[in-house]
Every structure is written in structure tokens, then in C-alpha cells.
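Nothing in this text is a laboratory measurement; each read-out follows from the coordinates by a stated rule. As the structure is a prediction and not an experimental result, all values here were calculated from the model. Backbone-built Cβ (ideal geometry, glycine too); neighbour counts: all protein chains shown.
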Amino acid sequence: MFPRNAWYAAGWDHEIKRDLFARTICNQRLVFYRKQSGEVAALADACWHRKLPLSLGHLDGDDVVCQYHGLAFAADGKCSRMPSQDKINPRACVRSYPVAERHRFVWVWMGDPDLADHNKIPDLLKRMGGDGWTGDGETINMKADYRLVVDNLMDLTHETYVHGGSIGNESVAESPFKVDSDDTQVTLTRWMEDTPPPPFWRGQLGKDGNVDRWQIIHFEPPCTIAIDVGVAPTGTGAISGDRSQGVNGMVLNTITPETDSSCHYFWAFTRNYDLDSVNRTTQLRDGVSNIFKQDIVVIEAQQKVFDSDPDAKFVNMNIDAGAVHARRLIAKMIKNENMVEAAE
Ligand SMILES: [Fe+2]
């Protein structure tokens, strides 16, 4: 269950080139490619005729040629060539999808094309406050419902137990947090004051001693989450807004449903310190990647329980407040779409 009237990240900009790139999004098989102009096109990945995936074919200019019988389709989905007939059936077409390229990602709109407003593309960069940030990221193909990843990111209490050797310690689980939400977003803020830093943050700060640590999670439905994280030596003013003595990172996440029980999880870790060090960028990417591997084990194991018992139900506790609000916004989008569809 996922909203369709939403922009979803289809891939990193560098993944989509002058060849055919297949990816399933929201249970629909799509083929992406760059036109000669460099613009990205997205079509349903099945030929109008005999349903061979078009991604098994090839490009001829801006048209996709089916590998089975040579039918060609333009970027708008209309058939441009049929074998051994001059007249092309006007109904011969495949669905084309609105696409846009922004913030290092190619985005696709899976719902009503008339509603595909580019202003609604999640702004992954705005949380970082402009220039002066750098970082890198990866894609995880997670064999789990995308909402299990949203739950994971909205409740960082799990760091204490899942990531105890790197970013988790007792103070994460025991420090209070507050949640602010409205119809468009959820923000969860947790400050851990005067606490020993876990190994990851001790390494980033490069000095011993207690820290004031923050985690500020911004959720934008249906599934984009930017997490402002960092530490500063205790009492140096971070809590009142002066982070100059600390180190600040941003965990940028956008999760795209693949099927009902799998998703493409795109993430990046960016920072605003030691900007010129490519080595630091690579170490951080690999370090966070290893941390996320621990999440994959947990989240995919949860999915297996739901696969074997579809009636399994979650129970919510205080720590789930952020996830509950996020899921409520996702459910509202789905409900609104269903109501519109029922009325049509
Ligand atoms: Fe985690």
C-alpha cells in the first residue's frame, strides 16, 4: 500500500544513461533512459504487442525498440514503427511517466500525470542550509515494506540495541524527545546532554570528553526523511544554536516502494566539516553503509514475520510517536487517493 500521487526517487542521476534501465516502482515495471538531449524518459516496461519488457530492447535515437518484433515507441509512449505495416494503429502505445531530475536523483510520478507538480519534489538539500556540505551515499534494495524503513528512521532508539558499537549508547534510548507534526511533516527532536559520545561520534569530533548530542528527524510524506545529527563538546552552546565547536552531519533518506514487500532505499550522509577530504567522505559512506547493514538484517527479518503472518499487528509504545505520526500521514495520502478513485 503506497500513495501513487507522489514523486519517488527512481535512481541516482548517474544510474540512468543512454541505455535502457529497468526498475520496478510501486509494483509497476518501468524502463528509464536518457534521450539524445540528456533528458530522462520513463515508459512502462512491457511492449504493447506481446509484453516483452522493452528494457530487453535497444534505443534508436529517442525511441525504444522492442527486441521481439521491432515495434518502436517514442518517449511519450506512442508507437512510431510497426513491422510490415505502414499504418500504425493509433491505440498502439505504452504508458509514459512524468520524470524530473533534481538533487542528484531522477524522480518519477506514479499517479495522475495532471497532478505532477515539480514543486512537490522532496527538497533533500534544504535541510542542509545551502553550500558548505559534502558527502556520498548508496542504494539499498530492501526486501521489506517501505514503511518498515520509515519506522526505523523515525525511531532512533534502536541505535542503542542495533548499533551499539558505533552510533548507539544508553543515552539514545533514555533521553526524552519531542514530536511536532502537522498535515505536511513530522519533526522529532532529541537532545542528549552531557553524555559520553558513542565511538562513531568520538571519532568525528576528534577529542575526548562528554558531548551534547542531537538528532532532529524531519519526515516529509510519503517517505523522505532528513536527519540532522551531530555532537559538540558539552556546554559549548550547541543546544542554544551555536554548533561551531561541534561536528554536524545530515542523513538524507528517500525510500521508494518497489513492491508491497520490497523497496529501493536511497541514502546519503553529508557533513559540513573537513570538506576537502575525499578520504573522510569515503570512510563515512562506508561506515554508515556498515551501520545500515545492521538495519537491513532487522527490517528484512520483520518482513519475513509479516510474510508468514499477514495478520500480525504492531503494538505502539512511547518511542513510536514519530513513526505513528509518519504512518498516519502516509495513510491519509492513500485514503485521499482511494476516495478520489471511488468518486470517479
Ligand atoms: Fe539504524
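With equal scatterers on the alpha carbons only and no solvent term, can you work out the Debye log10 of I(q)/I(0) for region 141-186 at 0.13 1/Å?
For region 141-186 at q = 0.13 Å⁻¹, log10 I(q)/I(0) is -0.40.
Would you be so kind as to identify which of Ala331, Tyr146, His118 lies farthest towards the positive end of the dipole of the chain, taking Lys and Arg as +1 and Asp and Glu as -1 on Cβ and the Cα centre as origin?
His118
On a 0 to 90 degree scale, rounded to 10, what angle separates helix 278-308 from the longest Cα axis of the chain?
That helix lies at roughly 70 degrees to the long axis.
Using just the helices of the chain, give the 222 nm mean residue ellipticity in deg cm²/dmol: DSSP H runs with n ≥ 4 each add -39,500 (n - 2.57), and the total is spread over all residues, rounded to 500. It would help to have the intermediate numbers written out before the result.
Values: 6 runs with 79 residues, N = 344.
One gets -7500 deg cm²/dmol as the mean residue ellipticity at 222 nm.
Using a Debye calculation, one point per C-alpha and no hydration shell, please list log10 I(q)/I(0) for region 7-121 at q = 0.12, 0.13, 0.17, 0.24 Å⁻¹ in order.
For the requested q values the scattering log ratios are -0.39, -0.46, -0.77, -1.39.
By what distance, in whole Å, do the Cα atoms of region 1-71 stretch along each of the three principal axes, largest value first?
35, 28, 16
Would you mind checking the radius of gyration and Dmax of region 216-344 based on alpha-carbon positions, in Å?
18.8, 59
Name the residues whose placed amide hydrogens come within less than 5 Å of the amide hydrogen of Ile140, ignoring near sequence neighbours (fewer than 5 apart) on the same chain.
Tyr265, Phe266, Trp267
Largest first and in whole Å, give the semi-axes of the chain's equivalent ellipsoid, each being the square root of 5 times a Cα gyration tensor eigenvalue. Could the numbers behind the result be given before it?
Working: eigenvalues 343, 101, 59 Å².
Output for the chain: semi-axes of 41, 22, 17 Å.
Multiply the residue separation of Lys120 and Ser289 by 0.36 nm, subtract the distance between their alpha-carbon atoms, and state the gained length in nm to one decimal.
Working: separation 169, 0.36 × 169 = 60.84 nm, distance 2.85 nm.
My answer for the length gained is 58.0 nm.
Tell me, which cysteines of the chain are without a disulfide-compatible partner by the Cβ under 4.7 Å rule?
For the chain, the answer is Cys26, Cys79, Cys93, Cys223, Cys263, because their Cβ atoms have no other cysteine Cβ under 4.7 Å.
Between beta-carbons, use under 11 Å as the cut-off and find the net charge around Val172, counting Lys and Arg +1, Asp and Glu -1.
Working: positive: Arg190, Arg213; negative: Asp155, Glu159, Glu170, Glu174.
Combined, the nearby Lys, Arg, Asp and Glu give -2.
Taking amide H atoms as placed 1.01 Å from N in the peptide plane, list the residues 5 or more away in sequence, or in a different chain, whose amide H sits under 5 Å from that of Gly230.
When sequence neighbours closer than 5 places are left aside, the close amide H contacts are Trp214, Gly249.
Report the extension gain between Arg50 and Gln185 in nm, rounded to one decimal, defined as 0.36 nm multiplied by the number of residues separating them, less their alpha carbon distance.
44.2 nm
Please compute the modelled spin-label separation between Lys17 and Asp260, points set 7 Å along Cα→Cβ, answer in nm with one decimal.
Reported label-point gap for Asp260 and Lys17 is 3.6 nm.
Using per-residue counts of other Cβ atoms within 10 Å, averaged over each peptide, order 63-71, 95-103 from highest down. It would help to have the intermediate numbers written out before the result.
Working: 63-71: 19.6, 95-103: 17.2.
With the highest mean Cβ count within 10 Å placed first, the list reads 63-71, 95-103.
If contacts are Cα pairs under 8 angstrom and at least 6 residues apart, what is the relative contact order of region 52-134 in percent? Could you put the intermediate results ahead of the total?
On the way: 95 pairs, mean separation 11.5, N = 83.
The normalised contact order for region 52-134 reaches 14 percent.
Tell me the relative contact order for the chain as a rounded percent, counting alpha carbon contacts under 8 Å between residues six or more apart. Walk me through the numbers on the way to the answer.
Numbers: 681 pairs, mean separation 60.9, N = 344.
Taking the mean separation of contacting Cα pairs over the length of the chain, I get 18 percent.
Give me the distance in nm between label points sitting 7 Å out from Cα along the Cα-to-Cβ direction at Asp276 and Ser84, one decimal.
Rounded to a tenth, the inter-label distance reads 6.8 nm.
Could you tell me how many degrees, from 0 to 90 and to the nearest 10, lie between the Cα long axis of helix 321-343 and the main elongation axis, the longest principal axis, of the Cα atoms of the chain?
It is inclined by approximately 20 degrees.
Compute the Kirkwood hydrodynamic radius of region 239-306, taking the inverse of the mean of 1/r over all pairs of distinct Cα atoms, and give it in Å to one decimal. Let's see the in-between values first.
Values: mean 1/r = 0.0693 Å⁻¹.
Roughly 14.4 Å, rounded to one decimal.
If you plug each phi of region 244-254 into the Karplus form 6.51 cos²θ - 1.76 cosθ + 1.60 with θ = phi - 60°, what whole-Hz ³J(HN,Hα) values come out, in order, with x for Gly and Pro?
3J(HN,Hα) across region 244-254, in whole Hz: 4, 8, x, 10, 10, x, 9, 9, 9, 9, 9.
In whole Hz and in residue order, list the ³J(HN,Hα) couplings for region 214-230 that follow from phi through the Karplus curve 6.51 cos²θ - 1.76 cosθ + 1.60, θ = phi - 60°; x for Gly and Pro.
Taking θ as phi minus 60°, the curve returns 10, 9, 10, 9, 10, 10, 10, x, x, 6, 10, 9, 10, 10, 8, 10, x Hz for region 214-230.
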